[in-house]
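See structure below.
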Amino acid sequence: MSAPPRRAVGRRVLPAPPPLTEEQRRVAEAPLSAKVFLEGPAGAGKTTAGVGRLLHLLAQGVPPHSVLVLLPQRTLAAPYTDALHRLRHSASVPVLTLGGLAQRTVELFWPLLAEAAGFAHPERPPVFLTLETAQYVMARLVGPLREEGLFAAITVDPNRLYSQILDNLNKAAVVGFPHTEIAARLQAALPGDAAQLHAFSDVQRCAARFREHCLAHNLLDFSLQVEVFRRYAWPLPICRDYFSSTYRHLIYDNVEEDTPAAHDLAREWLPDFQSALLIYDRDGGYREFLGADPAGGRALADACASVVTLDGSLVAPPAAESLAQHLCRAIREYALPPAVKVAAEERDLLVHEYHRYYPQMLDWVAQQTAQLVHDEGTPPREIVVLAPFLSDALRFSLVERLERLDVPVRSHRPSRALRDEPATRCLLTLAALAHPRWGVRVAKEDFVQALTLAIADMDLVRARLLAEVVFRSQDGATALTSFDLIRPEMHERITHVLGGRYEGLRTWLADAAERDALPLDLFLARLFGEVLSQPGYGFHRNFDAAAVAAALVESAQKFRWVVEASDPAAAHRDALGREYLRLVEEGVIAAQYISRWQSATAAGDDAVLLAPAHTFLMANRPVSYQFWLDVGSRGWFERLMQPLTHPYVLSRQWPEGRLWTDAEEHAYGQERLCRLAVGLLRRCRRRVYLGLSLLNEQGYELRGPLLMALHALLQRAAAG
Amino acid sequence: MSTDLPPAITSRHRLRPGQLEVLAYAGGRLGVSAVPGSGKTFTLALLAAKIVLSGWLQPDQEVLVVTLVNSAVDNFAQRIAGILKREGLLPTFGYRVRTLHGLAHDIVRERPALVGLADDFQIVDERVAQEILDDLALAWLQGHPDALDDYLDYGLDPKRLDWVRRDKLPDLVREIAASAVRYAKDLELTPEALRQRLEAADQPLPLARLVAEVYADYQAALAYRGAVDFDDLIRLALAALERDPALLERLQRRWPYVLEDEAQDSSRLQEQILRKLVGPAGNWVRVGDPNQAIYETFTTASPQFLLRFLEEEGVQRRELPTSGRSAQPIIGLANGLISWVRSAHPRPEARDALALPYIQAVEPDDPQPNPPAERATVRLVLNKLSPEMELKRVADSLERWLPEHPDQTVAVLAPRNDRGAQVVDELRRRKLAVVDSLLRSTASTRQAAGALANVLVHLAEPQSARRLAEVYRVWRRAEREDEEAWDAVEAMAKRLRGLPQVEAFLWPRPYHDWLAEQADLDEAAREDLAQFRDLVQRWHGATLLPVDQLVLTLAQDLFTAPSDLALAYKLAGLLRQAADAHPDWRLPQLADELRQIARNERRFLGFSEDDLGFDPDRYKGKVVVGTVHKAKGLEWDRVYLMSVNAYDFPAGEPSDQYISERWFLRGRLNLEAEALAQIRMAGGLAAFYSEGEATLAARLDYVRERLRLLYVGITRARRDLIITWNSGRNGQVGPALALVALAEMFPDSGSAAGGA
């Protein structure tokens, strides 16, 4: 059968950086001793100036490894890494986040700090937990407690529960309060009945238990990495010496998106640098839910010798600025007074059409996009299609429509569960078949699917026919019989070519079962390398599937490392493999493809990008055309609301004793929406297309605050 | 504030005096009691439109309209939207129509964390809830094998006892738990609170203990799924309003006018939620017909809420007593029922089951005058008929009547689904045109779900030629209307059914391509099959997607009607939920689930099953079969009301038997009612519990509700009404007392043969 629908992606290009303006040049070429705080709105050219600064330093002969590019999040690195890529310097300039820095440092100074930090086995190396392995450890500790009745008043699925406890620990670390205060802070500020408030004590209990477990087994989740770094590594004189001699120049971009812990570090460290450029976006703060503290970032200006402001926009037309102001006013006041005039240039920035049903709106979006690409010659990478959330349904419907119109499209969702990838399911089904001792029951349907993916040209009908004759399942144990043993008539129907490929796969799996059991990650790597990537098999030249296989191998490997470190008894290979399969199935292991995302948000691939609005903003990349979908959704306005954690109450700016009520929720929501709308408009060169449907995909009428505000704006525009 | 009606309303509608009085509303609290066919929903929709058009609202404000069922939501919204559109306004702004569940969902969605929910919380539908309860009921019985022995009939012989324990008790426990859990939620009793109160109780309350245990496990099961059920939604909405006054304040500002339709079915929590949203000095219009309250059993819903509201100080009272729906003889019969119940019902406690006013005919010059009395028929068939004979009589009558009245509408209404299904079978056997969507989900839901299910079944068994042929028929189903074209489709389907090797057609190899070998096919047929093959190949590729995406892909190819597409989105979501809840399910099980949806009634939250709800006028010349419950709000030229016997409409006489009383329980106890009484006691709502009282009270409640059901049934008819009864399976049941009384009051309407 044909390969699964694959995204059509155009050629990969790295656009050359624009020439610097006079103001940008002054910042970039400031003396090698300058400490500059650069601020301005989005689109003013700040990051371009930052990249210019980096190139200038290198051109001045500064050794690449002595320049530290510090960022709040890896996705923001693209402009810098692309520039370095062009200079073939990519490996030599450290581009780091606080987390990356902390991990490197803790690893380096481990023997000096492990004991002081309370680790039970300073003599053994540290094991760093990824988000998913931390989730796994938390699941093991908290799962049984929930059975005992913890969190009775809370309705949340287990994975979300674990991630909220981790989130609280991380907040404590990056905001800088002891993790023992989590419950007290939440209880003091949030309304709820007694049972609900008690759930915060349950959070506290679980967080403490997790921390103890980590200390006992040398495990470091993100929160512990940051805390150990700040409290035990950074104060070591030898550590400070190392830092000040290694890094001489600092470029710290998107300060507004970073956490108090990062800001504190920057403030203490700044005097040690020879030069520094801190870049602050006035409209930022999109990562507040991850602990970003824009106010704390702004305060770093005091620690710099000079403050430079870049105003105006190099991206958006002037009318976009006034449009953004009108839109914010409409968001805050629900209406625009008749005195407000919407100019023709402002009106022309918005293209819209009302549709009754959701599919009609999607058709319109696809047609408009195709027109831009095919009729107007717009490079696809200059178009983004944004929605508050990118559901499976939305992604699929739109990708399908655009591909039909021959528009290259790629989508990105930062958190996509491994189990939703067909290639993952194929690999794990084959792993289960090769390891009968695991006792994992394989469904015939899964085997059929695995066949269609694993064997090139295997169609669904023949896969099913094959499965009917070779797949034997009894008492939960599954066996595959040889193609050579089946009736000749079936040989004909399935074809000898496909049968031969099946036989190759089967014998490989059977041999693997005979051999000494390999750890799952090594097994998967060999399955991929020795069979699936070979000609005649499904992953041959299928780069998407190869990427999934790589991610799966890495995830299984990290999982093994953690279990081996924390619970050697449980690390028996069969048990490990079985456990890993279960965790993927349950969604505990959800590997986030950060590495793929980095390249996907960069301007490289020439395809229309389909992404959540927030994710697009965090890629900080202007485009010519934006489509806003689901404009009526409340998702544009609402934050991720979780019952067991709270980004604002746990922030450094939250005053003690203040209650978080609906008034706060609403006011913060409006401000967030304004910031989002302004941020998007400032990253748009030409036009915004509004996808308006009166009913959403479920048939609900839509009336979120963004829609109401746009409606008011459009009415005013129509009035002239 | 101007109370004049906008021209968009006055220019199009000629309004009756009662309607004008309601539409003169300018604020405050207003209670309206209406009679069937008085246009109350219509009037309320006009009032909502008037408020939107009158400029009384700020841009961020809406009129909130609360009604009972989803189909009414659509009806309302369409009416208001129509008026706003004519005025050049965006048709979805300025108002919000919701069922209570929809409203509760909106409120909880505002701040899920406030009530302990993650923001991706799921809502399990009734079937999933029932599955969970089934498991828990079994588990509870296993843990307490003898706990209910004391309630069993002492006279049961040991053999039957075993059978009852094994076969009957699990269902009984589940049913007790289901209604008692719902009731406890209505009373805002958490499992923990119930448990604590039971510990403190000075009376043994074994049924309440049962409920408390199952309830706790049930909530834990939901919490673990990150889900709530429909009843939680309502309970949590009230909790949210109570926990954060700022939220309440914001919502009060958003909804300065609350219009409530079908207020006679308001429940305790609905009343509380709306009272909170309205506030002490707010604007609240409640419209209802206390005589049509038919959803009260085992809930706290009661027409008393509306009746008490009408008596409250400061509430303006209006009536909509005139109705142009029915001919005078039918109005007379309905009013006769009111009068008999209020003055002569043998149980004085049941005499308040129906309330005044009587129905009045409209003025003769009304744009919708009552059908002429002289051409109306009322037949009360009093002879004793077996169930089979009753069926036969009604079918005979329809067989005679239908051909002569192709332009009229007719319905057969039964008190229960299973009786309706028997009617459908009989009419189908006689090849009469039948519409049964009032018995189950609407036809469009079933067709769309059925089409998708057929394709899923093929994908699960791609090697089956029979399944493939079925998919072909689904793909070309639009041709059904054209007999000739459909014959061609059937012929092609037959050819596909005969495929020896499916893969030789769908995935041909160079040396073996079935389609190329079909020498007798003309070019068009060949092209048709090639197109079909392309499509199916694409679907095969889509089997790798998660099931919701798969369904959406299929839907894009199968449906064009927006409402079908919207439905597919909903079905996709339901299947995803099912897949998450049952990780071992694959395509065959998921296809089964879809078939279930295609067959059965499933409650969809906030989903428009059909754009306009059910419209009887679309089925002229066909027989609509439904339950009386489902027929509420609808009308037909001719109505057959069946099974009006003492079993389905008891009068509280000593000889009456009750559907909810089990033969294997001692003293014919109604354990659901007893469980609820024990919960009331535990919850502090009753001073003591005395066994058996609740059973008696439940009988009386049932008697009252069934009188109203009869009233609803009668008032569905415009011109002709035929009422029949049957003597039940054992031939022991008599006619409903009300029927006998009506026959005495209207001697001319009796008929020995039932041959109307």
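The values are calculated or read from the model by the stated rules, or taken from the named source; none is laboratory data. Computed from a prediction, not measured in an experiment: that's the story for all the values here. Neighbour counts run over all protein chains shown; Cβ positions are idealised from the backbone, glycine included.
Please indicate, with yes or no, whether at least one residue in segment A:217-227 is over 20 Å from A:Ser163 (Cβ atoms), assigned to a helix (DSSP H, G or I) and more than 14 Å from chain B (Cβ to nearest Cβ). Walk me through it before giving the result.
Kept after step one, since they are over 20 Å from A:Ser163 (Cβ atoms), are these residues of segment A:217-227: A:217-218.
Going one step further and asking which of them are assigned to a helix (DSSP H, G or I), we end up with none.
The answer is no, given that none of the residues of segment A:217-227 is over 20 Å from A:Ser163 (Cβ atoms), assigned to a helix (DSSP H, G or I) and more than 14 Å from chain B (Cβ to nearest Cβ).
For segment A:279-308, give me each residue that is hydroxyl-bearing (Ser, Thr, Tyr) and surrounded by fewer than 17 Cβ atoms within 10 Å (Cβ to Cβ). Even if it seems obvious, please write down each step before you answer.
Kept after step one, since they are hydroxyl-bearing (Ser, Thr, Tyr), are these residues of segment A:279-308: A:280, A:286, A:306.
Matches in segment A:279-308: A:Ser306 only.
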When you check B:Trp507 against the structure, is it surrounded by 16 or more Cβ atoms within 10 Å (Cβ to Cβ), at pLDDT 95 or above, closer than 30 Å to A:Val497 by Cα and touching a helix residue (DSSP H, G or I) at 6+ places or on another chain (Cβ under 9 Å), yes or no? yes
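So, in segment B:564-593, how many residues would count as being of a type in the set (Gly, Ala, Ser) and more than 8 Å from every other protein chain (Cβ to nearest Cβ)?
If we filter segment B:564-593 for residues that are of a type in the set (Gly, Ala, Ser), which is where we start, we get B:566, B:568, B:572-573, B:578-579, B:581, B:591.
Now drop any that are not more than 8 Å from every other protein chain (Cβ to nearest Cβ), which leaves B:568, B:578-579, B:581, B:591.
Count: 5.
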Residues satisfying the stated conditions in segment A:350-376, i.e. surrounded by 17 or more Cβ atoms within 10 Å (Cβ to Cβ), out of contact with any Pro (no Cβ under 9 Å at 6 or more places or on another chain), of a type in the set (A, V, I, L, M) and away from every other protein chain (no Cβ under 11 Å): A:Leu350, A:Val365, A:Ala366, A:Ala370
Members of segment B:744-755 found to be surrounded by fewer than 18 Cβ atoms within 10 Å (Cβ to Cβ) and either assigned to a helix (DSSP H, G or I) or modelled with pLDDT under 80 (or both), listed by number: B:Glu744, B:Met745, B:Pro747, B:Asp748, B:Gly750, B:Ala752, B:Ala753, B:Gly755
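Can you name the helices (runs of 4 or more DSSP H) wholly within segment B:447-565 that have at least 1 residues being among the polar types (S, T, N, Q)?
Values: elements: B:465-475, B:483-497, B:502-506, B:514-517, B:523-542, B:547-558.
Fully inside segment B:447-565 and qualifying: B:523-542, B:547-558.
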For residues that are basic (Lys, Arg) and not in a helix (DSSP H, G or I), scanning just segment B:401-430, find the one that is modelled with the lowest pLDDT. B:Arg416
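Does A:Val461 qualify as being among the hydrophobic types (A, V, I, L, M, F, W, C) and either more than 24 Å from A:Glu514 (Cβ to Cβ) or not assigned by TED's automatic domain parsing to the domain that holds A:Asn542 (or both)?
Numbers: among the hydrophobic types (A, V, I, L, M, F, W, C): yes; either more than 24 Å from A:Glu514 (Cβ to Cβ) or not assigned by TED's automatic domain parsing to the domain that holds A:Asn542 (or both): yes.
Yes: the conditions hold for A:Val461.
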Would you call B:Ala227 farther than 30 Å from B:Asn283 by Cβ, within 14 Å of chain A (Cβ to nearest Cβ) and at pLDDT below 95? yes
Looking at B:Gly116 and the list (1) in contact with a Ser or Thr (Cβ under 8 Å, 6 or more places away or on another chain); (2) of a type in the set (Gly, Ala, Ser); (3) assigned by TED's automatic domain parsing to the domain that holds B:Leu274, which single condition is not satisfied? (3)
Residues that are under 21 Å from the mean Cα position of the chain (by Cα) and of a type in the set (Lys, Arg), drawn from segment A:134-184: A:Arg160, A:Lys171
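Could you list all residues from segment A:435-491 that are basic (Lys, Arg), free of Cβ contacts under 8 Å to residues at least 24 places away in the same chain and more than 9 Å from every other protein chain (Cβ to nearest Cβ)? If you could, list the steps in order and put the result at the bottom.
Within segment A:435-491, the first condition is being basic (Lys, Arg), and the residues that meet it are A:437, A:441, A:444, A:462, A:464, A:472, A:487.
This time we only want the ones that are free of Cβ contacts under 8 Å to residues at least 24 places away in the same chain, so: A:464, A:472, A:487.
Result: A:Arg472, A:Arg487.
State which residue is farthest from B:Gln596 (Cα to Cα) when the search covers only segment B:116-132 and only residues that are more than 8 Å from every other protein chain (Cβ to nearest Cβ) and touching a Lys or Arg at 6+ places or on another chain (Cβ under 8 Å).
Step one: filter segment B:116-132 for residues more than 8 Å from every other protein chain (Cβ to nearest Cβ), giving B:122-132.
Now restrict to residues that are touching a Lys or Arg at 6+ places or on another chain (Cβ under 8 Å): B:122, B:124-127, B:130.
Working: B:Gln122: 20, B:Val124: 16, B:Asp125: 13, B:Glu126: 13, B:Arg127: 10, B:Gln130: 14 Å.
Per the criteria, the residue is B:Gln122.
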I need a count of the residues in segment A:344-384 that are part of a helix (DSSP H, G or I), at pLDDT 90 or above and within 14 Å of A:Val608 (Cβ to Cβ). 13
Can you say whether A:Asp264 is surrounded by fewer than 24 Cβ atoms within 10 Å (Cβ to Cβ), out of contact with any Asp or Glu (no Cβ under 6 Å at 6 or more places or on another chain), without any contact (Cβ under 8 Å) to a residue 12 or more places away in the chain and assigned to a helix (DSSP H, G or I), as far as the supplied structure shows? no
For B:Leu251, which of the numbered conditions (1) away from chain A (no Cβ under 11 Å); (2) among the hydrophobic types (A, V, I, L, M, F, W, C); (3) out of contact with any strand residue (DSSP E or B) (no Cβ under 6 Å at 6 or more places or on another chain) fails to hold? (1)
Quick one: how many residues across segment B:183-207 are more than 17 Å from B:Ala694 (Cα to Cα) and either surrounded by fewer than 18 Cβ atoms within 10 Å (Cβ to Cβ) or within 14 Å of another protein chain (Cβ to nearest Cβ) (or both)? 14
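Can you go through A:Glu148, A:Glu107 and tell me which one is surrounded by fewer than 19 Cβ atoms within 10 Å (Cβ to Cβ) and within 14 Å of another protein chain (Cβ to nearest Cβ)?
Numbers: A:Glu107 fails: within 14 Å of another protein chain (Cβ to nearest Cβ).
Matching residue, one of A:Glu148, A:Glu107: A:Glu148.
Is there a residue in segment A:623-646 that is of a type in the set (Val, Ile, Thr), touching a Lys or Arg at 6+ places or on another chain (Cβ under 9 Å), assigned by TED's automatic domain parsing to the domain that holds A:Arg410 and more than 30 Å from A:Ala199 (Cα to Cα)?
Initial filter on segment A:623-646 (of a type in the set (Val, Ile, Thr)): A:623, A:631, A:645.
If we keep only those that are touching a Lys or Arg at 6+ places or on another chain (Cβ under 9 Å) as well, we get A:623, A:645.
The next check asks that each one be assigned by TED's automatic domain parsing to the domain that holds A:Arg410; those that pass are A:623, A:645.
Next, from what is left, pick out any that are more than 30 Å from A:Ala199 (Cα to Cα): A:623.
For segment A:623-646, residues of a type in the set (Val, Ile, Thr), touching a Lys or Arg at 6+ places or on another chain (Cβ under 9 Å), assigned by TED's automatic domain parsing to the domain that holds A:Arg410 and more than 30 Å from A:Ala199 (Cα to Cα): present.
From B:Ala591, B:Ala572, B:Ala568, which residue is closer than 30 Å to B:Ala421 by Cα, touching an Asp or Glu at 6+ places or on another chain (Cβ under 7 Å) and assigned to a helix (DSSP H, G or I)?
On the way: B:Ala591 fails: touching an Asp or Glu at 6+ places or on another chain (Cβ under 7 Å); B:Ala568 fails: touching an Asp or Glu at 6+ places or on another chain (Cβ under 7 Å).
Selected residue: B:Ala572, the only one of B:Ala591, B:Ala572, B:Ala568 that is closer than 30 Å to B:Ala421 by Cα, touching an Asp or Glu at 6+ places or on another chain (Cβ under 7 Å) and assigned to a helix (DSSP H, G or I).
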Criterion violated by B:Val423 - all others in (1) under 20 Å from the mean Cα position of the chain (by Cα); (2) surrounded by fewer than 15 Cβ atoms within 10 Å (Cβ to Cβ) satisfied: (2)
So, restricting to helices (runs of 4 or more DSSP H) that lie completely within segment A:68-131, which ones have at least 2 residues that are under 25 Å from A:Ala216 (Cα atoms), touching a residue at least 12 places away in the same chain (Cβ under 8 Å) and not hydrophobic (A, V, I, L, M, F, W, C)? A:98-108
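If I go through segment A:661-676 residue by residue, how many of them are over 21 Å from the mean Cα position of the chain (by Cα), more than 9 Å from chain B (Cβ to nearest Cβ) and crowded, with 20+ Cβ neighbours inside 10 Å? Steps first, please.
We begin by selecting, within segment A:661-676, every residue over 21 Å from the mean Cα position of the chain (by Cα); these are A:661-671, A:674.
If we keep only those that are more than 9 Å from chain B (Cβ to nearest Cβ) as well, we get A:667-671, A:674.
Narrowing further to those that are crowded, with 20+ Cβ neighbours inside 10 Å: A:674.
So the count comes out to 1.
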Restricting attention to segment A:589-624, and to residues there that are closer than 18 Å to A:Leu418 by Cβ and not in a helix (DSSP H, G or I), which single residue is modelled with the highest pLDDT? A:Ile589
Residues that are in contact with an Asp or Glu (Cβ under 6 Å, 6 or more places away or on another chain) and within 9 Å of chain A (Cβ to nearest Cβ), drawn from segment B:59-97: B:Thr92, B:Arg96
Quick check on my filter: what residues within segment B:459-497 are among the hydroxyl-bearing types (Ser, Thr, Tyr) and either within 18 Å of A:Arg462 (Cα to Cα) or free of Cβ contacts under 8 Å to residues at least 24 places away in the same chain (or both)? B:Ser464
A:Arg410 versus (1) assigned to a strand (DSSP E or B); (2) of a type in the set (Lys, Arg); (3) at pLDDT 90 or above: which is the lone unmet condition? (3)
